[in-house]
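Undergrad: Below is one structure. I have some questions about it.
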Amino acid sequence: NRRKKKDDNILEITSIPNPFPELCCSPFTSVLSASLLPKATSRKKQVIKVYSEDDTSRTLEVPSDITARDVCQLLILKNHYIDDHSWTLFEQLAHSGLGRAIEDHELVMEVQSNWVMEEETKLYFRKNYAKYDFFKNPLRFFPDHMISFPSETNAAVRHSGILQMFLSSSTYPEIHGYLHAKEQGKKSWKKWYFLLRRSGLYFSTKGTSKEPRHLQFFCEFSNSDMYMSLPGKKISGAPTNYGFCFKPNKSGGTRDLKQLCADDEQSRTCWMTAIRLLKYGMQLYQNYVQPYQGRGGCSPLNVTPMRSISENSLVAMDFSGHRSRIIENPTEALSVAVEEGLAWRRRGCLRLNSHGSPVAMSNVGMCIHRSQSWFHHKISREEAQRLILQHGLVDGVFLVRDSQSNPKTFVLSLSHGLKIKHFQIVPLEDDGKLFYTLDDGHTRFTDLIQLVEFYQLNRGVLPCKLKHYCTRIA
């Protein structure tokens, strides 16, 4: 009886009219088509581990179709970093000492699927300033003695449109030069004359002959990845430190590597840049002009990239009077800059300690630089060169380190012209005060922080300004 009375009460309740009858789906007509309904996402989740420079790792749960650029963007947002489009995901093979920068469009899960159990492979998150530098300065990456153009193109088009020729499907410049190649299954190296063409990489069995009967096929790039040899000749026994190799995607180990070695850094950079352009083509240019585009869905389309301020937009200002003014005369601006630099050096060298009282820089200047990201304590010359090489051989990449030969001095390691140069920072004592200098005392600084900040704004005795510092912790 209770159940019957309850059912009667339910039937007595008046039904609420539907305010949107046109949205009701009847068995005869369907207003909402299946294409308009949100589809259930079937993307699988995967777990990856990404390391930083100090070997601390971070585990991420990401979609299975995420790209390397999307992983970098995700780490940038999580760590609140500034995105200057130089953050890169690196693949590093610990045992063989090989490493490569994963291209922005590559799928991370496909990269991990090619890993073998015998090799300890890690993903690193760090900066690579030279990732797309060849789009800005193409002539520096392709020297005249290593490149040959099709005979139908004139000289003016060759140099102005060199990148367009690389990205074109009809014409492709030919890269040629000598390389050391390691014989398969042997420890010996032989020097051959190599040629890079659209069909692959070849070497000549007779001098510099380019006749088809003298050319032998060495490698193609569709089913292999290109790696740089980080430790140089220590592990592989190469004749020089400028090695690179090709590793098949489904490789059984180091025995399947095809190893090459160049005579200098400019030659290696030219070969590796040309092979990247040959393998990926227009995809590299799309990565360069559209850094936020990706498939993984982690790209913040509503976030505008930070605008970089060029040196041409800076103006000279005079703040000595009651009102600031713009110095329009270049001669006056130069004299004011020199006078300000002299006054800066004459200024009292005092800083505040933890209690707020001033202390002499002779006590603080010896250790204040150790907290800076660009300072590396006791690393060797080879380790400094490896760090700069990993960050990209762009003009202005630098770090400061302790000198190995003289414990009281420091060394500024700087990249310029695809070479790494080292400058000794010498301490000087004058009137009981300690200074640091790069030019035999002509320009003096009370600590290394002042020295680095000065050469970030002025070239001075250096070949270029300090622009990007290498840090051990990304």
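Undergrad: I want to confirm something. Restricting to segment 429-452 and keeping residues that are over 23 Å from His416 (Cα atoms) and open to solvent by less than 20 Å² (accessible area, probe 1.4 Å), which single residue is nearest to the chain's Cα centre (by Cα)?
TA: Across segment 429-452, the extreme among qualifying residues is Asp447.
Undergrad: Still on this structure, please answer the following. Only one of (1) within 20 Å of Gln92 (Cβ to Cβ); (2) in contact with a His (Cβ under 8 Å, 6 or more places away or on another chain); (3) among the β-branched types (Val, Ile, Thr) is not met by Ile388, so which one is it?
TA: (2)
Undergrad: In segment 55-83, which residue that is hydrophobic (A, V, I, L, M, F, W, C) and more than 13 Å from Val111 (Cβ to Cβ) is surrounded by the fewest Cβ atoms within 10 Å (Cβ to Cβ)? Steps first, answer last, please.
TA: Initial filter on segment 55-83 (hydrophobic (A, V, I, L, M, F, W, C)): 60, 62, 66, 68, 71-72, 74-77, 82.
Subsequent filtering for residues that are more than 13 Å from Val111 (Cβ to Cβ) retains 60, 72, 74-77, 82.
Working: Leu60: 17, Cys72: 26, Leu74: 19, Leu75: 19, Ile76: 18, Leu77: 13, Ile82: 9.
Ranking the qualifying residues of segment 55-83, first place goes to Ile82.
Undergrad: Working only within segment 453-471, note down all residues that are assigned to a loop (DSSP other than H, G, I, E, B) and either open to solvent by less than 90 Å² (accessible area, probe 1.4 Å) or under 19 Å from Ala384 (Cα atoms) (or both).
TA: Of segment 453-471, the ones assigned to a loop (DSSP other than H, G, I, E, B) are 458-467, 470-471.
Matches in segment 453-471: Asn458, Gly460, Val461, Leu462, Pro463, Cys464, Lys465, Leu466, Lys467, Cys470, Thr471.
Undergrad: What is the one condition in (1) surrounded by fewer than 18 Cβ atoms within 10 Å (Cβ to Cβ); (2) out of contact with any Leu (no Cβ under 7 Å at 6 or more places or on another chain); (3) over 24 Å from Ser380 (Cβ atoms) that Lys419 does not satisfy?
TA: Status for Lys419: all satisfied but (3).
Undergrad: Residue check, Gln424 against (1) assigned to a loop (DSSP other than H, G, I, E, B); (2) over 23 Å from the mean Cα position of the chain (by Cα); (3) not basic (Lys, Arg), all met but one. Which one?
TA: Of (1) assigned to a loop (DSSP other than H, G, I, E, B); (2) over 23 Å from the mean Cα position of the chain (by Cα); (3) not basic (Lys, Arg), only one is false for Gln424: (1).
Undergrad: Sticking with this one: Please verify whether Asp55 is without any contact (Cβ under 8 Å) to a residue 40 or more places away in the chain and either closer than 30 Å to Ile162 by Cα or in contact with a Lys or Arg (Cβ under 6 Å, 6 or more places away or on another chain) (or both), treating the condition exactly as stated. Walk me through it before giving the result.
TA: On the way: without any contact (Cβ under 8 Å) to a residue 40 or more places away in the chain: yes; either closer than 30 Å to Ile162 by Cα or in contact with a Lys or Arg (Cβ under 6 Å, 6 or more places away or on another chain) (or both): no.
Spelling it out, it is not the case that Asp55 is without any contact (Cβ under 8 Å) to a residue 40 or more places away in the chain and either closer than 30 Å to Ile162 by Cα or in contact with a Lys or Arg (Cβ under 6 Å, 6 or more places away or on another chain) (or both).
The values are calculated or read from the model by the stated rules, or taken from the named source; none is laboratory data. As the structure is a computational prediction, the values presented were derived from the model and not from experiment. Here Cβ is always computed from backbone atoms with ideal geometry, including for glycine, and neighbour counts include all displayed protein chains. The area values use the complete protein model at the heavy-atom level, side chains included, leaving out ligands, DNA and RNA. Shrake-Rupley method; radii C 1.70, N 1.55, O 1.52, S 1.80 Å.
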